[in-house]
Every structure is written in C-alpha cells, then in structure tokens.
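Working notes, beginning with the structure itself.
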Ligand code: NDP
Ligand code: MG
C-alpha cells in the first residue's frame with residue numbers, strides 16, 4: 001500500500017472495530033485530544049451509518065468494511081458527504097492497516113476470534129497494541145507475547161481488570177514478563193458477578209438475552225455482556241492474565257465485587273495488596289493505554305467514595321458459574337484447548353442471542369464440546385486456526401442435533 005501523507009507530530013491511531021463499544025469509547029477519548037492523536041484508519045463490520053459518521057468527524061485516510069454490501073453503501077454515503085476517506089473492502093485489509101507505517105498505535109477492539117489475525121499483524125509490525133479484544137490472547141497468548149518481544153511491540157492491556165493489574169505493577173514491568181519477578185504472589189481478579197449473581201438457579205433456564213445484556217455496572221457489546229452473565233468472561237480473563245503476566249492460573253483468584261469500583265488487585269510477597277479504583281467506564285483504561293506512561297484526561301467523572309460508602313467481596317459460586325471451572329481446566333490442559341473453549345463459547349453465545357438455546361445450556365454445550373473435539377499440544381497459528389474451525393463446526397452441529405429449540 002502507498003505511504004500516506006501524515007503529520008509526524010501526532011500519534012497515528014488505527015481502531016479495529018471502531019463501531020463497537022470499545023471503538024466508540026476510544027474515539028471519544030481521542031475527540032478530546034486532537035493535538036495528540038490523529039485517526040489513520042477505522043474499521044467496521046455491519047454498522048455502516050455509524051462508520052460514515054465517524055469518517056466524517058475524524059477524517060481517517062482509510063476505512064475498512066468487511067462485507068461487500070456494506071462497503072458500497074459506505075462509499076456512496078462518504079462521497080455525498082464530500083469525504084476523502086478511502087474505503088477498502090474485506091477482512092484482509094484489517095491486517096494491512098494494522099501494519100501501516102503511519103500507524104503508531106492499534107486499538108484491538110474487534111470482538112472474538114475475528115480479531116486474531118489483525119492483532120497478530122499489529123504485533124508483528126512492532127506497534128503499540130491496545131489489547132481490548134481478549135479472545136486472541138485466550139487462543140494463543142504465548143505466541144502473541146513472544147511475537148511482541150521479538151518485534152519490539154508494546155502490548156498494553158485495556159480489559160479493565162488487566163489494565164488495573166498493570167497499573168498496580170512497578171513502572172519497569174513489561175507485559176509478558178513473569179509477575180513473580182517483581183514480587184507479586186497473587187492476582188485478585190475482580191468481577192461484578194453479572195446480572196444473575198443473586199438469581200435463583202432454577203430461573204437460569206428462562207432468562208432472556210435482553211436480561212443477560214443488562215449488565216449492572218458496564219455498557220458493553222452483546223457477546224461480552226452474555227459472557228459476563230455466565231462468568232465465562234472472567235474465565236477468559238483468567239487465561240488472558242496467565243499470558244499477560246506470565247503466571248499459572250493457580251495464582252489468579254477470582255473475587256466477586258458487585259460494585260465494580262476496584263478493577264483488580266495484586267498481592268505482593270510482603271502481604272501488601274495494591275488495588276486500582278475508578279468509575280466503571282472503559283475510557284479510563286483506554287486513555288491509560290493511549291498515553292502510557294503518561295496520563296491523559298479521560299473525560300470520566302470522578303469517583304465519589306462517600307456516595308459509594310462500602311465495598312463488598314465474596315467468592316464466586318462454582319455451582320452457579322461452571323464456565324469458570326471450564327476455563328481453568330482448559331488452560332490447565334493447555335495446547336489448543338483454550339481455542340476450543342473460546343470457539344464453542346462464541347457459537348453458543350450467538351445461538352443464545354438468537355434464541356436458539358437456553359441460557360443454562362451455554363456451559364453444558366461448551367463442556368460437551370471440550371470433551372469431543374480433539375486438541376493438540378502444539379500452539380502454532382496453523383493449529384490454532386484449525387482447532388477454531390473444528391470446534392465451531394462441532395458446536396454448530398451439536399446445537400442443531402441436540403439443542404435447537
Ligand atoms: P462490540 O460488539 O460492541 O463491537 C465489536 C466491534 O467489532 C464492532 O466494531 C463490530 O463491527 C466489529 N466486528 C464484529 N464482528 C466482526 C468481524 N467478524 N470482523 C471484523 N469486525 C467485526 O464489542 P465490544 O466493543 O464490547 O468488545 C470488543 C472487544 O473488547 C471484545 O473482545 C471484548 O471482549 C473486549 N472488551 C470489551 C469491553 C467493553 O467494555 N465493551 C471491556 C473489556 C474487553 P459492527 O459493529 O460494525 O458490526
Ligand atoms: Mg474485563
């Protein structure tokens with residue numbers, strides 16, 4: 001691709017998944033700091049109108065749209081708005097823009113395994129990579145952190161818990177380094193427990209996707225909202241933390257903290273526990289990732305500790321949230337099993353959102369798939385993509401044959 005005209009004084013940003021919750025929050029932080037950041041590229045899957053509006057406001061050089069129909073409509077709308085943004089069609093261009101020389105920082109904000117190859121491309125091109133998209137780390141976190149080291153890429157965790165953990169570590173800590181080397185004995189990974197923390201177990205079979213997507217503290221996309229309701233999100237986050245902080249899952253304790261004020265903690269060898277607190281607003285970790293090691297005004301309202309008054313903590317209920325056990329078992333076995341867990345989860349969550357299966361069937365189907373699909377101890381890109389494809393096909397087939405309503 002030809003080199004783009006740029007202004008070298010401002011940081012060039014590409015946002016993968018700019019129409020999603022993470023993408024929109026990233027643009028909101030950038031909106032308040034036009035002197036520091038310029039948007040080089042935006043990408044969308046289906047939300048055409050929103051992408052057009054973002055292009056008109058932020059004037060990126062490139063917009064990538066994944067499907068043909070949407071691309072034509074984006075081009076038409078942009079032309080009539082007098083925009084000079086070039087529209088590229090197809091998923092391959094996601095990797096291309098993640099590697100552009102004009103791009104310094106890549107926000108990985110696509111949902112699911114679809115973000116794997118573009119995230120990898122950003123890492124291999126030595127970018128500052130803001131990792132919100134946790135699924136690629138679940139699938140091949142070891143390879144991604146190795147590639148980051150080899151290519152001098154800077155990985156910065158955006159998932160609020162991992163961002164909090166990172167903020168609690170010494171400044172010289174590098175993502176992918178073993179936290180034991182900086183004296184950390186334990187990670188206390190907090191989670192709100194989602195919307196069904198107190199719901200009687202017998203009602204789990206009747207909860208609707210609309211109820212599951214009503215998170216008590218966070219506004220998020222539909223997939224991660226359902227993951228929060230099953231606590232698979234916390235399970236994926238355990239695996240994510242294993243790779244970002246190079247530690248076994250046994251050093252990571254999940255703590256249910258319904259207020260989501262503490263975003264996670266680390267316990268040092270001397271018994272000190274350091275926590276990061278803040279409003280439940282993703283603009284805080286996003287601003288931190290954009291500006292690190294400096295700090296930036298995120299535009300978020302301040303915490304009023306007096307109004308919060310108290311903070312609660314409890315252990316997660318394993319009977320209510322079997323996904324936590326499934327995630328621990330898959331990372332314990334290793335190899336491509338976390339990929340199979342992730343792929344099965346993406347398919348069942350989609351089936352649940354489309355009302356093809358019940359909420360309580362989500363962990364049951366994932367457990368069955370983990371027992372059926374053969375896994376490999378080798379974690380190469382090829383093996384991971386193969387395991388992902390096989391697990392998706394098996395899960396779809398299982399739903400069709402055994403569970404479809
Ligand atoms: P959303 O569903 O809100 O947004 C997803 C984005 O990815 C959209 O821009 C969407 O495009 C795009 N997209 C969807 N499918 C594809 C595909 N197949 N190929 C290319 N692009 C695609 O998700 P969130 O913003 O909530 O989450 C994004 C990631 O960040 C997830 O991995 C999530 O786990 C993680 N995360 C999110 C948090 C949050 O608060 N939201 C917190 C911590 C982590 P379009 O909308 O145009 O269809
Ligand atoms: Mg999180």
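Would you please name the residue that is surrounded by the most Cβ atoms within 10 Å (Cβ to Cβ), looking only at residues in segment 193-212 that are touching a helix residue (DSSP H, G or I) at 6+ places or on another chain (Cβ under 7 Å) and free of Cβ contacts under 8 Å to residues at least 60 places away in the same chain? Can you show your working first?
Initially, segment 193-212 is screened for residues touching a helix residue (DSSP H, G or I) at 6+ places or on another chain (Cβ under 7 Å), giving 194-196, 209, 212.
Add one more test, that the residue is free of Cβ contacts under 8 Å to residues at least 60 places away in the same chain, and what stays is 194-195.
Values: 194: 27, 195: 18.
Among them, the one singled out is 194.
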Self-check item: Sole exception among (1) at pLDDT 95 or above; (2) surrounded by fewer than 24 Cβ atoms within 10 Å (Cβ to Cβ); (3) within 28 Å of residue 303 (Cβ to Cβ) for residue 215, by number
Solution: (1)
Exercise. Any residue in segment 219-230 that's free of Cβ contacts under 8 Å to residues at least 40 places away in the same chain: show its pairings with residues that are near ligand 1 (Cβ under 9 Å from one of its atoms) and assigned to a helix (DSSP H, G or I) at Cβ separation under 9 Å, as long as the two are six or more apart or on different chains.
Key: 225/233
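Being more than 8 Å from ligand 1 (Cβ to nearest atom), surrounded by 21 or more Cβ atoms within 10 Å (Cβ to Cβ) and under 21 Å from residue 385 (Cβ atoms) is the filter here, so list the residues in segment 122-146 that pass it.
Here is the first cut: in segment 122-146, the ones more than 8 Å from ligand 1 (Cβ to nearest atom) are 122-131, 136-146.
Adding the requirement that they be surrounded by 21 or more Cβ atoms within 10 Å (Cβ to Cβ) leaves 122-123, 127, 129-131, 136-141, 144-145.
122, 123, 129, 131, 136, 137, 138, 139, 140, 141, 144, 145 - these are the residues of segment 122-146 that are more than 8 Å from ligand 1 (Cβ to nearest atom), surrounded by 21 or more Cβ atoms within 10 Å (Cβ to Cβ) and under 21 Å from residue 385 (Cβ atoms).
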Exercise. Give me a count of the residues in segment 112-138 that are within 18 Å of residue 18 (Cα to Cα) and within 13 Å of the chain's Cα centre (by Cα).
Key: 14
Self-check item: Count - residues of segment 199-239 that are assigned to a loop (DSSP other than H, G, I, E, B) and within 12 Å of ligand 1 (Cβ to nearest atom)
Solution: 7
Quiz item: Does residue 302 satisfy the criteria of being over 19 Å from residue 196 (Cβ atoms) and assigned to a helix (DSSP H, G or I)?
Solution: no
Quiz item: What pairs come up if the first residue lies in segment 158-178 and is at positive phi, the second is modelled with pLDDT of 95 or more and within 16 Å of ligand 1 (Cβ to nearest atom), and their beta carbons are under 8 Å apart, counting only those six or more places apart or on different chains?
Solution: 176/155; 176/243; 176/244
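Considering only segment 37-51, state which residues are part of a helix (DSSP H, G or I) and surrounded by fewer than 24 Cβ atoms within 10 Å (Cβ to Cβ).
Residues of segment 37-51 part of a helix (DSSP H, G or I): 48-51.
Result: 48, 49, 50.
Only one of 61, 49, 95 is in contact with a strand residue (DSSP E or B) (Cβ under 9 Å, 6 or more places away or on another chain) and over 24 Å from residue 281 (Cβ atoms); which?
Numbers: 49 fails: in contact with a strand residue (DSSP E or B) (Cβ under 9 Å, 6 or more places away or on another chain); 95 fails: in contact with a strand residue (DSSP E or B) (Cβ under 9 Å, 6 or more places away or on another chain).
Unique residue meeting the criteria: 61.
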Exercise. Please determine, by comparing only the residues of segment 243-281 that are part of a helix (DSSP H, G or I) and within 16 Å of ligand 1 (Cβ to nearest atom), which one is surrounded by the fewest Cβ atoms within 10 Å (Cβ to Cβ).
Key: 243
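The values are calculated or read from the model by the stated rules, or taken from the named source; none is laboratory data. What you see is a predicted model, and the numbers here were worked out from it, not measured in a lab. Glycine gets a Cβ as well: all are built from the backbone with ideal geometry, and neighbour counts include every protein chain shown.
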